[in-house]
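Student: This is the structure I have questions about; it appears just below.
Every number in this text was worked out from the coordinates using simple rules, so none of it is lab data. Predicted model only: the values in this text are computed from it and were never measured. Here Cβ is always computed from backbone atoms with ideal geometry, including for glycine, and neighbour counts include all displayed protein chains.
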Amino acid sequence: MVRFAAALRRHGLPVTPEHVTDGVRALEQLDLADRDEVRTGLRAVFAGRPEDFATFDRVFDAFWRAATEADRVAEALAPPALPEHAPPGLERAGRETLALDAWQEGGDEDGGDEPVGVPAASELEAVAARDFSTFSPDQLDELYRLTLKIARRLARRISRRRRPSARRGRIDLRRTLRANLTRGELIDLRYRRRKRKKVRLVLLCDVSGSMDLYSRFLLQFLFALQSAFSRVETFTFSVRLTRVTDYLRARSYREVLRRLTAVKDWSGGTKIGESLAEFNRGWPALVDRRTIVIVLSDGWDTGDPDLLASELLRIKRRAGRVIWLNPLLGNPSYEPLTRGMAAALPLVDRFAAAHNLAALRDLAGSLAL
Amino acid sequence: MREEIRKIQQLMEAADYVTDAPVATSVHLATRLRKPLLIEGHAGVGKTEIAKVMARMLGTNLIRLQCYEGLDAAAMLYEWNYQKQILHIKLHETSGRTASEEEREIFSEPFLLRRPLLQAITQLDQPPVLLVDEVDRSDEEAESFMLEVFSDWQVTIPEIGTIKATHPPHVVLTSNRTRELSDALRRRCLYLWIDYPDFDKEVRIVQLKVPQINQTLAREVTRFMESLRRMRLAKVPGVAETLDWAHALAALHADHLDEALVGETIGAVLKDADDIKRFRAEVAKSGLGPLLATP
């Protein structure tokens with residue numbers, strides 16, 4: 001069981017020693033002659049997400065084969081081979097955790113601790129500084145996984161940052177009562193500190209042409225950040241607007257990204273203003289003071305820039321913050337001269353890049369109101 | 001197959017719940033290993049039902065904690081009945097009691113409002129089933145609080161003392177996956193994923209729960225629902241909607257689906273204005289045929 005757990009861990013499942021004990025206890029309750037029953041039972045113990053089921057099944061099948069096939073078992077247990085030209089920072093699974101922590105300190109707006117001197121951290125920095133479009137397709141999987149990991153940690157940090165407000169709020173009955181036990185009247189009032197409410201995110205992602213790749217990473221990133229926000233609503237647009245929020249929920253990330261391709265529209269270029277108008281018309285209630293609206297687009301627009309400006313203004317008036325992400329900003333010589341971009345620029349609160357992991361990390365800093 | 005698991009399957013079916021091996025196995029392990037069971041799946045596939053059936057199977061009470069955004073410790077565990085306490089103070093104003101006497105009086109059992117978690121650990125006869133429904137609607141803070149209670153199985157009320165669980169309950173948590181639950185919670189629980197049923201299973205469910213409906217209609221309805229779920233809808237209908245619709249059709253004494261009937265009763269299935277619009281457009285374009293066809 002210990003070896004089985006180790007195998008699962010090598011393939012990316014979060015397995016703890018407690019799982020091992022539970023696994024043994026579970027075996028006591030199952031019919032060991034019934035392979036499917038053992039599989040279902042152990043899966044309930046070890047796999048905490050439907051996305052992990054496939055991996056679990058693979059490892060299970062490889063591991064519990066007859067003893068005579070020892071060699072084949074050993075081969076099947078080897079971790080998935082990474083492409084030869086994988087960037088060095090992606091390979092060291094062991095030190096990755098430390099490296100991640102150190103690297104994230106560097107992005108903390110509050111100014112975290114001094115980065116720990118772990119060699120892998122600088123390699124990670126190199127990976128994070130590379131534009132997403134420079135990776136080969138087989139490296140992208142690994143990069144997605146890394147993005148997820150980073151986002152989950154950031155989510156925890158964002159949640160922790162919310163501290164109770166010092167202003168007076170509702171009356172705290174319990175403490176007021178205690179303070180007035182000797183009197184008949186409630187004179188001495190104690191106040192309850194108001195709980196800071198969570199922020200809502202609305203994403204409008206351009207998925208036309210080359211924007212598709214950046215949208216995928218941003219979506220991946222924000223999907224994992226979900227727990228830090230009360231609600232994350234996602235829309236994609238090129239010529240038309242499509243709401244994809246529900247796709248991001250109950251499916252695996254792979255399927256989400258696959259569906260995004262189905263939504264893409266190759267013909268006609270991007271009509272940003274028209275898409276924003278459709279958003280304002282169809283979902284007016286989504287944007288309020290507690291909402292941060294993020295638009296991801298390179299600003300190449302075949303629509304009407306005046307329409308873009310007026311619709312964006314409507315959003316800005318209602319939203320808590322408007323952020324425009326443009327991957328072209330990753331290029332130091334870029335200037336926002338296209339009509340679309342020029343029209344939008346004065347209306348946004350923050351204009352930033354989203355072309356690599358470092359940019360995403362920095363973005364997380366703006367996601368608090 | 002283990003005899004206990006087979007028996008569980010039989011008991012669940014006897015309680016009108018159409019089940020399969022994974023569900024029965026998870027329920028068996030959860031009750032034997034005394035671990036919480038986390039059930040995830042789309043809306044309306046029968047997650048909450050499992051907890052109810054478990055309670056019936058074990059012959060014990062079901063205590064339900066319904067989660068929502070902003071759920072806090074007071075709503076989960078206990079709260080003092082402030083109004084009653086204030087009234088009590090007022091009524092005894094002139095009785096000449098001391099402050100400490102008064103305090104002892106109003107911070108006692110009759111003034112304590114027990115919320116689900118506290119109820120769950122103070123059952124007298126046997127361990128109840130504690131259903132934490134839609135835990136994804138609360139937040140991580142609520143989750144960590146729950147985890148604390150689930151590990152210690154005791155609660156400290158400052159004015160009264162520490163209350164230890166009489167019988168640690170069987171815990172079932174459900175989630176619609178509108179939010180990623182914390183890793184800590186996942187690690188602590190056994191996991192069960194409930195997907196939409198396949199055709200045969202769903203027909204069985206309809207026939208079991210709506211016995212007055214005829215075979216053909218049951219199959220038509222199921223085929224129709226399957227097709228609907230493949231459309232790009234904002235609110236994908238679950239098995240609960242299938243059953244609602246079946247009930248409605250049976251009440252109308254229908255025996256087969258046609259455009260008029262479907263148009264009138266679609267509100268039992270689609271609950272979103274945009275979805276209904278899209279559906280009607282689809283039917284206007286190609287009729288009911290494609291929706292009733294075998295894929």
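Student: Would you mind giving the mean number of other chain beta-carbons within 10 Å of the Cβ of each residue in B:33-39, as a whole number?
Tutor: 3
Student: What is the distance in Å between the Cα centroid of segment B:53-92 and that of segment B:1-47?
Tutor: Between the Cα centres of segment B:53-92 and segment B:1-47 lies a distance of 28 Å.
Student: Output the 0 to 90 degree angle, nearest 10, between the alpha-carbon long axis of helix B:82-91 and the longest principal axis computed from the alpha carbons of chain B.
Tutor: On a 0 to 90 degree scale, this one is about 40.
Student: If you average 1/r over all unlike Cα pairs in segment A:289-363 and invert the result, what Kirkwood radius do you get in angstrom?
Tutor: Its Kirkwood hydrodynamic radius stands at 12.7 Å.
Student: Hey, can you rank A:336-345, B:188-197, B:274-283 by average C-beta count inside 10 Å, highest first?
Tutor: B:188-197, A:336-345, B:274-283
Student: Take peptides B:237-247, B:203-213 and line them up by average Cβ neighbours within 10 Å, highest first, as a rough protection proxy.
Tutor: B:237-247, B:203-213
Student: Can you give the mean number of other chain Cβ atoms that lie within 10 Å of the Cβ atoms in peptide B:182-193?
Tutor: Across B:182-193, the average partner-chain Cβ count within 10 Å equals 5.
Student: Pop the C-beta distance of B:Glu264 and B:Asp125 into the FRET formula with R0 = 45 Å and round what comes out to the nearest 0.05.
Tutor: 0.35
Student: Full-extension gain between B:Lys90 and B:Arg278, please, as 0.36 nm times their residue separation minus the C-alpha to C-alpha distance.
Tutor: Length difference between fully extended and current span is 61.5 nm.
Student: Let me ask something else about it. If packing is taken as the mean number of other Cβ atoms within 10 Å per residue, what is the order of B:50-58, A:133-141, highest first?
Tutor: Result, highest mean Cβ count within 10 Å first: B:50-58, A:133-141.
Student: Using the beta-carbon distance between A:Asp172 and B:Thr166 and R0 = 22 Å, what value does 1/(1 + (r/R0)^6) give for FRET efficiency, to the nearest 0.05?
Tutor: Efficiency at R0 = 22 Å is approximately 0.10.
Student: Considering every residue in B:105-115, what mean count of other chain Cβ atoms within 10 Å of its Cβ is obtained?
Tutor: Partner-chain Cβ atoms within 10 Å, mean over residues of B:105-115: 0.
Student: Wrap a convex hull around the Cα atoms of chain B, take a quarter of its surface area, and give that in square nanometres.
Tutor: 19.9 nm²
Student: Here's another thing I want to ask about it. For segment B:199-284, what D do you get in µm² per second when you plug the Kirkwood radius from alpha-carbon pairs into Stokes-Einstein at 10 °C and 1.306 mPa s?
Tutor: 123 µm²/s
Student: Could you please state, rounded to a whole Å, how far the C-alpha centre of segment B:201-245 is from the C-alpha centre of segment A:24-57?
Tutor: 30 Å
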